[in-house]
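The values are calculated or read from the model by the stated rules, or taken from the named source; none is laboratory data. Just so you know, these numbers come straight off a predicted model, no measurement behind them. Note: areas computed on protein heavy atoms with side chains; ligands, DNA, RNA excluded. Shrake-Rupley method; radii C 1.70, N 1.55, O 1.52, S 1.80 Å.
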Amino acid sequence: MSRAAKITFACSCLFAAGTIVFVHKSQELERESMYQGVIRDQERRSQQREQNIREFDETRALHAELVKTQPDF
């Protein structure tokens, strides 16, 4: 094998290995980013649920107060 062929082969192997490492790291970062999205969604749902419970309690209290003030028919 000529020297130029050996250099070309070595460069091709290094390029292929570099591409594989880059894609692997890129996939890991994307997977972590997607997981963080799931965590944020869970927190957002939990906050929304708490807000709904507070609003329900306020509405129930307001209803009870309004029922007291209404005259009986």
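So the values come out like this:
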{"quantity": "Folded to 0 to 90 degrees: helix 3-69 orientation relative to the chain principal axis, Cα", "calculated": "0"}
{"quantity": "Net length gained if the chain between Lys68 and His24 were fully extended (0.36 nm per residue, minus Cα distance)", "calculated": "9.2 nm"}
{"quantity": "With DNA, RNA and ligands ignored, accessible area of Thr19 (1.4 Å probe; Å², nearest 10)", "calculated": "60"}
{"quantity": "Equivalent-ellipsoid semi-axes of the chain, from the Cα gyration tensor, Å, largest first", "calculated": "70, 6, 4"}
{"quantity": "Sequence of Lys68, Lys6 when ordered by accessible area, the most exposed leading, probe 1.4 angstrom", "calculated": "Lys68, Lys6"}
{"quantity": "Largest to smallest accessible area among Glu30, Glu55 [probe 1.4 Å]", "calculated": "Glu30, Glu55"}
{"quantity": "Rounded to the nearest 10 Å², the accessible area of Val23 at probe 1.4 Å", "calculated": "70"}
